[in-house]
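Student: Mind having a look at this structure? Questions to follow.
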Amino acid sequence: MKKYENQIPTSMGMNLKAMLSMLRDSLKGSQERRPVSNIPMVKSEFAQTLNPADDPQVTWFGHSAFLLELEGYRLLFDPMLGHRPSPVSWAGTKRYTTDLPIEPEDLPAIDAIILSHDHYDHLDYSSIRKLKDKTEQFIVPIGVRRRLIQMGVSSDKITEHGWWDELRFKGLTLASTPARHFSGRGLFDRNSTLWCSWVIAGQKTRVFFSGDSGYGPHFKEIGEKYGPFHLTLMECGQYDERWANIHMMPEETVQAHLDVRGQLLIPIHWGAFTLAYHAWNDPVERISQAARSSNVDIATPKIGEQVRIHTGEYPTEPWWRSGKR
């Protein structure tokens, strides 16, 4: 079985000391790891058809799932719209909200579904089963095709791509770019598929999606080759010093945004599931502070709220504080 590697050495840091400290933190628990009340959410509505002249916009569905509407096309990224990021439906952390901004079956037709890697919090069986007939194309890293086929997706709908591969998709240019992470859905298949970030370039708008990634030199490489970006959607959450090589700390996320030469930053990979030991809203508090310190424009939409990319007016309300004791 082929194994994929990061550009630079990337230890998971899971030595005995780290594992014992994680066990301690798991037993200790914390009331702040989940919101104590319902968090605000906006019900998403979409026209059935898009006009290429419409303002480009993005709608975040929580965690790393978002819909990008750009120059007449709809692209859905990492659509984990299920209730648990788990191999089984009866175990694992639950989504913070029982409802979604929009049910998968109510989404309009999607031009392409694009995946960053095969982890359960990004590639969800129940979501793919509901969405597979709503799109004509799945665009994925190398090796993820077989995962989708197992979920009932027709092979001829899927294209696989390695780092630095470029493809022309209708009127857009996409590039699969590096990330610093890992892959696998079981005990014995670690790194058997590739993980990546994505560049999306239209005629007038450039967007960068980090996927899951630790901080590394690849961000500057991407910025030099494809930047500047009007919008970046960057992972911010589920971090810990013990696994900082594969998930950025919030302050590193701001630096990565600067490295890729981003303009507007939307922090993602938070707001839906508890997968680490920090308070559930700690990621957005820390990244908001770091963005202010670095004079970075940041948007913090509610789940389901649409953000227009070029308006210069973005949601910044600290809505997450309503879910705190």
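The values are calculated or read from the model by the stated rules, or taken from the named source; none is laboratory data. Only a predicted model underlies this, so the values are computations on that prediction, with no experimental measurement involved. A quick note on method: Cβ atoms are made from the backbone with ideal geometry, for glycine too, and the neighbour counts reach across all protein chains shown. For the accessible areas, the whole protein counts, side chains as well, though only heavy atoms, and no ligand, DNA or RNA atoms are used. Shrake-Rupley method; radii C 1.70, N 1.55, O 1.52, S 1.80 Å.
Student: List pairs: first in region 296-315 and under 13 Å from P40 (Cα atoms), second open to solvent by 40 Å² or more (accessible area, probe 1.4 Å) and not in a loop (DSSP other than H, G, I, E, B), Cβ under 7 Å, 6+ apart or cross-chain?
Tutor: Partner pairs satisfying both residue conditions: K302/M41; I303/M41; G304/M41.
Student: Consider I287 against the criteria (1) in a loop (DSSP other than H, G, I, E, B); (2) within 21 Å of Y239 (Cβ to Cβ); (3) modelled with pLDDT of 95 or more: it satisfies all of them except one. Which criterion is unmet?
Tutor: (1)
Student: Something else about it: Here's a check for you: in region 206-251, which residue that is of a type in the set (A, V, I, L, M) and in a loop (DSSP other than H, G, I, E, B) is nearest to I287 (Cα to Cα)?
Tutor: By that ranking, first place goes to M249.
Student: Would you be able to say whether some residue in region 212-224 is open to solvent by less than 10 Å² (accessible area, probe 1.4 Å) and of a type in the set (D, E, K, R)?
Tutor: yes
Student: Free of Cβ contacts under 8 Å to residues at least 60 places away in the same chain and within 17 Å of the chain's Cα centre (by Cα), is that true of L275?
Tutor: No; evaluated as a whole, the condition is false for this residue.
Student: If you don't mind, there's one more thing I want to ask. So how many residues does region 270-284 have that are open to solvent by 50 Å² or more (accessible area, probe 1.4 Å) and within 15 Å of E317 (Cβ to Cβ)?
Tutor: Here the count works out to 0.
Student: Sticking with this one: Among what's in region 45-92 and is of a type in the set (G, A, S) and modelled with pLDDT of 95 or more, pick the residue that is most open to solvent (accessible area, probe 1.4 Å).
Tutor: G72
Student: Kindly check whether there is at least one residue in region 314-321 that is out of contact with any Lys or Arg (no Cβ under 7 Å at 6 or more places or on another chain), open to solvent by 50 Å² or more (accessible area, probe 1.4 Å), under 25 Å from T177 (Cβ atoms) and not in a loop (DSSP other than H, G, I, E, B).
Tutor: Within region 314-321, not a single residue is out of contact with any Lys or Arg (no Cβ under 7 Å at 6 or more places or on another chain), open to solvent by 50 Å² or more (accessible area, probe 1.4 Å), under 25 Å from T177 (Cβ atoms) and not in a loop (DSSP other than H, G, I, E, B).
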